[in-house]
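Okay, so here's the structure we're looking at.
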Amino acid sequence: MAVQANITIDQGTTFNTSISMTDASNNPLDLSVYIGRAQIRAWYTSLTPAALFTVTLLLGSATLSLTATQTAALNPGRYVYDLIVIDQSNIVTRIIQGVITITPAVTVLADFA
């Protein structure tokens with residue numbers, strides 16, 4: 001069963017979060033041999049993602065990242081997300097899921113152009 005974790009992201013900013021993962025013996029999981037996918041959607045039944053995270057998998061951690069341009073394109077409000085990993089045998093596991101809240105920006109990227 002996936003861990004539930006809610007996230008707040010400031011619109012128009014670069015976002016990174018790392019998730020530490022260990023096995024039952026508290027040893028870091030070697031995630032470097034997995035493929036990771038994570039998406040943000042307006043709701044669970046949405047057909048189109050609102051944004052795609054860049055997923056970096058390492059020894060003991062997964063990092064989810066969005067650029068400032070990606071977060072600027074998200075309307076303020078609530079979304080849902082999850083992270084799945086796929087092993088070498090094509091077994092898919094959902095690691096984490098939850099609600100993302102996008103807080104509105106006052107200063108926008110275009111102000112720097």
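The values are calculated or read from the model by the stated rules, or taken from the named source; none is laboratory data. All of these numbers come straight from a predicted model, not from anything done at the bench. Glycine also receives a Cβ, built like all others from the backbone with ideal geometry; neighbour counts cover every protein chain displayed.
On inspection, ASP30 fails the criterion of being among the charged types (D, E, K, R) and modelled with pLDDT of 95 or more.
Based on this model, can you work out whether ILE9 counts as in contact (Cβ under 8 Å) with a residue 24 or more places away in the chain, in contact with a helix residue (DSSP H, G or I) (Cβ under 6 Å, 6 or more places away or on another chain) and among the aliphatic types (A, V, I, L, M)? The answer is yes for ILE9.
Assess whether ILE91 counts as being surrounded by 13 or more Cβ atoms within 10 Å (Cβ to Cβ) and among the β-branched types (Val, Ile, Thr). No; evaluated as a whole, the condition is false for this residue.
Kindly indicate whether VAL106 is part of a strand (DSSP E or B) and among the β-branched types (Val, Ile, Thr). Lay out the reasoning, then the answer.
Values: part of a strand (DSSP E or B): no; among the β-branched types (Val, Ile, Thr): yes.
No; evaluated as a whole, the condition is false for this residue.
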